[in-house]
Amino acid sequence: REKPGAIQQFVVEATRFLSYAIYSAALGLAVTAPALLETIFGSNWTASAPYVVILALRGLFATALWIVGDGLKAIGRPDKLFQITLIEACIAFPLTFILAIVFNSPLAACMGVPIAMLVANAQRLLEAKRLLAIEPSAFFLASWKSALAAIIMTGCVFAIEASLTSHAAFVRLAIEVVSGAAVYCAALLILERDRIKWY
């Protein structure tokens with residue numbers, strides 16, 4: 001607290017480093033869901049791939065602005081973090097039931113939590129600007145390259161999945177994981193070449 005700008009710098013830079021892992025993990029899980037489910041549980045479970053996609057998005061939304069909470073605690077305002085969590089819970093539970101009733105679909109019901117997390121993340125951005133003096137654009141600038149690298153990876157893995165439909169699930173999964181990791185690392189090294197250096 002004694003150093004002006006130290007907390008702001010920590011929150012933004014920590015968000016950047018966290019983004020290196022979460023976007024690739026979330027989108028990687030989403031795109032490999034069919035092969036992953038078939039490998040672990042068998043072909044009967046591939047129909048549940050959309051639920052894994054929602055689970056992956058939920059994980060992404062839950063962690064994308066996680067560091068803002070650390071910043072709020074660092075300035076002695078954990079009460080704001082509690083309020084955000086409470087708002088998220090108050091939205092998620094009723095929204096899950098509403099979506100289930102309106103759309104008569106368990107898949108729609110599962111969207112209640114990710115939607116509530118998006119609302120909570122909007123609140124985190126507002127509190128970051130108001131209490132931490134961090135503009136929302138700073139979070140975008142900190143993570144957009146990681147997100148782009150993950151999107152490039154997702155496209156490549158999706159193309160691989162489409163071209164290997166005749167192969168066994170574990171073979172597809174192995175190729176997708178290795179190829180996806182290679183493409184993501186290459187894309188990130190190119191996009192973040194000024195920040196990521198070999199040591």
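The values are calculated or read from the model by the stated rules, or taken from the named source; none is laboratory data. Note that this is a predicted model, so its numbers are computed, not measured. Cβ atoms come from the backbone with ideal geometry, glycine included; neighbour counts cover every protein chain shown. Note: accessible area is taken over every heavy atom of the protein model, side chains too, but ligands, DNA and RNA are not part of it. Shrake-Rupley method; radii C 1.70, N 1.55, O 1.52, S 1.80 Å.
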Quiz item: Spin-label point model (7 Å from Cα, Cβ direction): what's the Thr165 to Ile87 distance in nm?
Solution: 4.5
Quiz item: Using a 1.4 Å probe, how large is the accessible area of Phe41, given in Å² and rounded to the nearest 10?
Solution: 120
Exercise. Note the direction-averaged projected area, equal to a quarter of the hull surface, for the Cα convex hull of the range 97-196, in nm².
Key: 9.9
Quiz item: To the nearest µm²/s, what D does Stokes-Einstein give for the range 138-182 at 37 °C and 0.692 mPa s, using the Kirkwood radius over alpha carbon pairs as Rh?
Solution: 286
Practice problem: Report the far tail of the P(r) of the range 10-122, meaning the percent of Cα-Cα pairs longer than 25 Å. | Solution: 35
Exercise. Once you have the Cα-Cα distance between Phe97 and Ala182, take 0.36 nm times their residue separation minus that, and quote the gain in nm to one decimal.
Key: 26.5 nm
Exercise. Express in nm, to one decimal, how much length is gained between Glu2 and Leu118 on full extension, taking 0.36 nm for each residue of separation and deducting their alpha carbon distance.
Key: 38.5 nm
Quiz item: Given 0.36 nm per residue, what is the gain on full extension from Phe140 to Asp194 after removing their alpha carbon distance, in nm?
Solution: 17.7 nm
Exercise. Sort Lys145, Lys3, Lys80, Lys129 by accessible area with a 1.4 Å probe, largest first.
Key: Lys3, Lys129, Lys145, Lys80
Quiz item: Just the accessible area for Cys110, please: 1.4 Å probe, Å², rounded to the nearest 10?
Solution: 60
Quiz item: If you find the alpha carbon centre of the range 133-182 and of the range 48-100, how far apart are they in angstrom?
Solution: 23
Self-check item: Protein accessible area in the range 22-146, 1.4 Å probe - carbon and sulfur %
Solution: 73
Quiz prompt | Prolate/oblate/rounded label for the range 1-56 (Cα gyration tensor, a/c 1.5) | solution = prolate
Quiz item: Out of (1) 49, 42, 31; (2) 60, 53, 22; (3) 53, 36, 32, which label holds the value of Cα extents along the principal axes in Å that was computed here?
Solution: (2)
Quiz prompt | Descending principal axes extents, the range 45-102, alpha-carbon based, whole Å | solution = 46, 24, 12
Quiz item: Among Ala35, Ala159, Ala150, which one shows the biggest mean-square fluctuation in a GNM of the chain, springs joining Cα atoms closer than 10 Å?
Solution: Ala159
Quiz item: In nm, to one decimal, how far is the Tyr51 label point from the Asp70 one, both placed 7 Å along Cα→Cβ?
Solution: 3.3
Self-check item: Within straight-line cross-link reach of Lys145, aspartates and glutamates at Cα separation under 14 Å, skipping those fewer than 8 residues along the same chain
Solution: Glu13, Glu192, Asp194
Self-check item: Ellipticity estimate at 222 nm from DSSP helix runs (n ≥ 4, -39,500 (n - 2.57)) divided over the chain, nearest 500
Solution: -27500 deg cm²/dmol
Practice problem: Might you work out the accessible area of Trp45 for me, using a 1.4 Å probe with all protein chains in place, and round it to the nearest 10 Å²? | Solution: 130
